[in-house]
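Colleague: The following block contains the structure, expressed as C-alpha cells.
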Amino acid sequence: LRIGAVYAEDGGFAALLHRATRGAVPILGDGHNWVSPVHIDDVAEAYALAVENPAPGEILHLADDDPM
C-alpha cells in the first residue's frame, strides 16, 4: 500500500493545516500542490483488507476522494 498523509483526531495534522492556512508554514512549489490526508482508521482497514486479500504485483494508493 502507498499511503500519504495520515491523520487522527489527536494527531498534529490539524495543527499543521491550521498553521498552513495562516501562512505560518512554507508551501513548496507554486502553491498549487495538494495533499490527500487519510484517517488512521481507514489506513488500518486498508491494511487489514490487503492482508486478507493479497494482490501480488499491484500497487494500491490510499487517498481521500476530496484532496485538499
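Colleague: Out of all the residues in the stretch 1-36, which are assigned to a loop (DSSP other than H, G, I, E, B) and either in contact with a helix residue (DSSP H, G or I) (Cβ under 8 Å, 6 or more places away or on another chain) or under 30 Å from P56 (Cα atoms) (or both)? Show your work before the answer.
Modeller: Taking the stretch 1-36 first, the residues assigned to a loop (DSSP other than H, G, I, E, B) are 1, 4-5, 8-12, 22-36.
Once the filter is applied, which keeps residues that are assigned to a loop (DSSP other than H, G, I, E, B) and either in contact with a helix residue (DSSP H, G or I) (Cβ under 8 Å, 6 or more places away or on another chain) or under 30 Å from P56 (Cα atoms) (or both), the stretch 1-36 yields L1, G4, A5, A8, G11, V25, I27, W34, V35, S36.
Colleague: Got a number for residues in the stretch 30-68 being loosely packed, with under 12 Cβ neighbours inside 10 Å, at pLDDT 80 or above and among the small types (G, A, S)?
Modeller: Of the residues in that region, 4 qualify.
Colleague: Another question about this same structure. Identify the single condition in (1) within 12 Å of the chain's Cα centre (by Cα); (2) assigned to a loop (DSSP other than H, G, I, E, B) that D42 does not satisfy, given that it satisfies every other one.
Modeller: Going through the list (1) within 12 Å of the chain's Cα centre (by Cα); (2) assigned to a loop (DSSP other than H, G, I, E, B), D42 breaks only (2).
Colleague: Do any residues in the stretch 1-28 that are among the charged types (D, E, K, R) have Cβ atoms under 8 Å from those of residues that are in a loop (DSSP other than H, G, I, E, B), where the two are at least six apart or on different chains, and which pairs are they?
Modeller: R2/I59; R2/L60; R19/V25
Colleague: Which residue pairs have Cβ atoms under 6 Å apart, sit 6 or more places apart or on different chains, and have a first residue in the stretch 42-64 that is under 11 Å from V6 (Cβ atoms) and a second that is basic (K, R)?
Modeller: Between residues of the stretch 42-64 that are under 11 Å from V6 (Cβ atoms) and residues that are basic (K, R), there is no close pair.
The values are calculated or read from the model by the stated rules, or taken from the named source; none is laboratory data. Keep in mind that this is a model prediction, so the values were computed, not measured. Backbone-built Cβ (ideal geometry, glycine too); neighbour counts: all protein chains shown.
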